[in-house]
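The structure appears below as structure tokens.
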Amino acid sequence: MNFELTDDQELFRQTARRYLAKLTPMGPTPIGSEGPFVIDREAWRAAAELGWTAMFAPESAGGGSLSGRPVSDLAIIAEEFGRQLGVGPLIPVNIAIRALAGDPQRHGSTLSELVSGTTLATWAVAESAERWSPDSVTLRATPVGTEIELTGTKRYVESALDADIFVVVARTGSGLTQVVVPASVGGVRTTRSKSLDLRREFGTVTLDHVRVPLTSTVGALGDAQPAVQQLFHIASVLQCAESVGVIDRMFEMTRQYMDDRVAFGRPLAAFQVLKHRAADLLMSLESAKAITDAAIAALDSGSAEAPALADAAQSYVSDLAPSFVQECLQIHGGIGYTWEHQLHLFLRRATVNRMLLGSPEQRRQALETRFRGWAPEGSLAHA
Amino acid sequence: MPESNIENVEQFRDRARRWITENLAPVRPDASESLDLTRARDLQAMIFDAGFAGIAMPREYGGAGLTLDHQAAWAQETRGREVPDILYVSIGVLGVTLLEHGAPDFVAEHLPRILRGQEVWLQMLSEPSGGSDMAAVTTRAVRAERGWVLNGAKIWTSLADRADWGMCLARSDRNRSKHGGLSMFAIPLAAPGVTITPIIGLDGGPAHFFQEFLDDVAVPANHLVGGENDGWRVARDLLKSERNAITGVGHGLGLRQSSVGESTNLVAQPFAASTTHADPVLDDAVVQNWVNETVRVELGKRISTGMRVGAIDGSWGSVLKLSLAAEGIRSAEVKLRAAGIDAVIWDSEDPAIPPPALSWLTSRRYSIAGGTNEIQRNIISERILKMPRERAIDNRGLAPEAVGEKPLQGNSRQPDDGRPASKGKGRS
């Protein structure tokens, strides 16, 4: 989305765009297609071959970043995902890979399977709607001999029904531990949630005295807080990139519609009131691209400003995207209000993204806490 | 110019940094005003003599003969240092326009002086009767024996009480179309027949804007900037440079301390550390304001980069200008709300309006100056988004050539255009 993509990145983008267009054509959605939504494994493996799972993985697991700036590389796909309302666990799988890449000795073979696309993973972190932060994690992980036992519930878990493994964020003592839990292990129960986004599915994962080997943990027990904070920020900016893709596509469609649709003897594009609204849309679209790119660059460079920029990006983009699509709907008029038109699908994704990983209000609270120097030790807002 | 023959950017940056460290003082934390003009002229002369003025302008006109990438490096290195930013209009707007359109001999005579701060220039475009309809120029230029004679009135000029030269748009042929009968003239403000009067703004403070009356002002033929009756094209380019100078992109990079083009740090935090929670709703608005300001800084970087790499053209300055104006109003409102009643009723002998109230009172400055928000939206929709131009009944039926339009923006089928207005430079 920025003006300085490398040639490799540009090629990567074009390949992803072509593949997504083939994978998820934008035809009318049949009524009653509200799920269950099952991920096409074959299609995901093909996507993995295009490099969608490679960026955060070590070379030993078949991974590697295109440009040396892995968040930037992956954001290219995330944006294309938004433009085409892509299906598949792009962000959850890559966050899981990023988590496991912190402990490649233990999780090398899992990483390889994730990179090749044969295994699906998702990140299980949230427990309540109110707070998306490491502080609110209560799911317990307790070492018992050579095993670790987990009990608790994770909610809003993307692709929970399709995932083969969960990377579960759990509390051990006062610290956090990330644990790899296979979906097939005894005591794991997954229930399907309903989602406004018709092309994505979420679930609730309940762990009832689930026991896995101690070697299933990522890194040392209780040490995961900084990693989890970092993962939150990365997931946030990737989601911003996806939402930017959503509104970028919406803007294109709306601009085209304004040329095509004639009323009172002239195209919509000739009415000044609509021209001015298009100008405002362009301004906010460019702003969203700018802050998202800034947060991505800061994360890739390890800048101290990265947490604040990531929160700023999520606050701005998450607030903007749903209302942006609503404005596009208004310009489309009646046709935009129909089930048959694809516009509502974009509205749905933008709206779910507004809430997922923490609302804009929560991000601003995190910023305020940061500004006031009220940072509780290790809180998400202060990564 | 051949890229291989010029100093590379990083070498330039090192050289610039060394010079800046030794010669430009750090900005005082309490400094809110631009430097005094006399001081600014001295400082600009130092910068010129050291070879850092007009960095991307040709050497034969007093520039450094480098590129906008060098200019960007200069902008980054001067952050936090005192720069003669009161001259940004003279250099970044009028200097650039002169370079683009002036006759070579005239440019060679005046541009080095502009770059050295010896001559301060301003623009004389808007008229009392015109508002946003800037091409509705009524100031007349009539041919005389050795040049032209100008009569009329101009308004919303900044610094007119202290500047030396003005670039004045006048109607040179009343038999041609609205846009096709205009010419741009350089006039010395000390010329006989020029009367300058201040306009007191709504804050009641010292005048930032002026009005000029031109009574039989004689101008030599070589003071024509651009071709005869080609003044509209010059004015359009001037306005583009103005937007770039206000928002700190293109040649405008680094001319102003507040330039958003290349800042590297986050916007200052809105709260003092560990202050108490006053009002959660207001607190959220204050943080949102911080987010919006941060977003605008990043938008400035994005557009600046896009222009530098050639991905977008100069009309994109309007996107940033609109953002700056809209953001300024929103920000002033939140800061006033946060300051509360003490900003509007105060117990003090000091008659000065408290800053939050003053900012609010004057917050419409950038949404009017340099082309209103509405004009910026016209520019964005017509030139960037290629939407049909507004119809103007005073121009119907004229061919594009007649309105001085070059089809450079693609969609110039319709002859009319709501051109941007200039409302002075809006610097206070």
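The values are calculated or read from the model by the stated rules, or taken from the named source; none is laboratory data. Since the structure is predicted, the reported quantities are computational estimates derived from the model, not experimental observations. With ideal geometry, Cβ positions are generated from the backbone for all residues, glycine too; neighbour counts draw on all protein chains shown.
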Open item on the list: Being at the interface with another protein chain (Cβ under 7 Å from one of its Cβ atoms), surrounded by fewer than 24 Cβ atoms within 10 Å (Cβ to Cβ) and at pLDDT below 90 is the requirement here; does residue B:305 meet it?
Closed with: yes
TODO: Any chance you could count how many residues in the range A:173-200 are under 17 Å from residue A:155 (Cα atoms), of a type in the set (A, V, I, L, M, F, W, C) and modelled with pLDDT of 95 or more?
DONE: 5
Task: residue A:84, sole failed condition from (1) buried (at least 24 other Cβ atoms within 10 Å of the Cβ); (2) in contact with a Leu (Cβ under 9 Å, 6 or more places away or on another chain); (3) within 26 Å of residue A:20 (Cβ to Cβ) - done: (1)
Open item on the list: Can you tell me which of (1) more than 30 Å from residue A:137 (Cβ to Cβ); (2) outside any helix (DSSP H, G or I); (3) of a type in the set (A, V, I, L, M) is the one residue A:220 doesn't meet?
Closed with: (1)
Task: Elements of type strands (runs of 3 or more DSSP E) in the range B:149-245, at least 3 residues being surrounded by fewer than 21 Cβ atoms within 10 Å (Cβ to Cβ) and within 23 Å of the chain's Cα centre (by Cα) - done: B:194-199
TODO: Kindly check whether there is at least one residue in the range B:335-346 that is under 25 Å from residue B:206 (Cβ atoms), surrounded by 20 or more Cβ atoms within 10 Å (Cβ to Cβ), at pLDDT below 90 and within 13 Å of another protein chain (Cβ to nearest Cβ).
DONE: no
TODO: Could you run through the range B:308-323 and say how many residues are of a type in the set (A, V, I, L, M), within 8 Å of chain A (Cβ to nearest Cβ) and part of a helix (DSSP H, G or I)?
DONE: 2
TODO: Run residue B:115 past the list (1) crowded, with 24+ Cβ neighbours inside 10 Å; (2) modelled with pLDDT of 90 or more; (3) not assigned by TED's automatic domain parsing to the domain that holds residue B:55 and report the number of the one that doesn't hold.
DONE: (3)
- [ ] Taking residue B:331 as the residue in question, decide whether it is of a type in the set (Ser, Thr, Tyr), surrounded by 18 or more Cβ atoms within 10 Å (Cβ to Cβ) and either touching a residue at least 60 places away in the same chain (Cβ under 8 Å) or within 8 Å of another protein chain (Cβ to nearest Cβ) (or both).
- [x] no
Task: Selection count where residues are within 27 Å of residue A:223 (Cα to Cα), under 21 Å from the mean Cα position of the chain (by Cα) and crowded, with 23+ Cβ neighbours inside 10 Å, scope the range A:172-202 - done: 3
Open item on the list: I'm checking my understanding of the structure. Among residues of the range B:349-375 that are in a loop (DSSP other than H, G, I, E, B) and in contact with a Pro (Cβ under 9 Å, 6 or more places away or on another chain), which one is farthest from the other protein chains (Cβ to nearest Cβ)?
Closed with: B:370
Open item on the list: With the requirement that a residue be among the hydrophobic types (A, V, I, L, M, F, W, C) and more than 9 Å from every other protein chain (Cβ to nearest Cβ), what does the range B:376-395 give you?
Closed with: B:392, B:393
Open item on the list: So in the range A:264-278, with the set limited to residues that are under 13 Å from residue B:385 (Cβ atoms) and among the basic types (Lys, Arg), which one is farthest from the other protein chains (Cβ to nearest Cβ)?
Closed with: A:277
- [ ] Could you list all residues from the range B:126-145 that are among the β-branched types (Val, Ile, Thr) and under 22 Å from the mean Cα position of the chain (by Cα)?
- [x] B:137
- [ ] Could you please find all residues in the range A:240-260 being of a type outside the set (Lys, Arg) and surrounded by fewer than 24 Cβ atoms within 10 Å (Cβ to Cβ)?
- [x] A:248, A:251, A:252, A:253, A:256, A:257, A:258, A:259, A:260
- [ ] Name the one entry in A:65, A:72 that is among the hydroxyl-bearing types (Ser, Thr, Tyr), touching a residue at least 12 places away in the same chain (Cβ under 8 Å) and in contact with an Asp or Glu (Cβ under 7 Å, 6 or more places away or on another chain).
- [x] A:72
- [ ] Test residue A:185 against the stated conditions and say whether it is in a strand (DSSP E or B) and aliphatic (A, V, I, L, M).
- [x] no
Open item on the list: Just to verify a result, which residue in the range A:299-322, among those that are surrounded by fewer than 19 Cβ atoms within 10 Å (Cβ to Cβ) and within 14 Å of another protein chain (Cβ to nearest Cβ), is modelled with the highest pLDDT?
Closed with: A:301
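So that you can scan it fast, the table gives a plain yes or no per residue for (1) modelled with pLDDT of 95 or more; (2) among the acidic types (Asp, Glu); (3) touching a Phe, Trp or Tyr at 6+ places or on another chain (Cβ under 9 Å):
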{"residue": "B:169", "(1), (2), (3)": "yes, no, yes"}
{"residue": "B:176", "(1), (2), (3)": "no, no, no"}
{"residue": "B:185", "(1), (2), (3)": "yes, no, yes"}
{"residue": "B:249", "(1), (2), (3)": "no, no, yes"}
{"residue": "B:252", "(1), (2), (3)": "no, no, yes"}
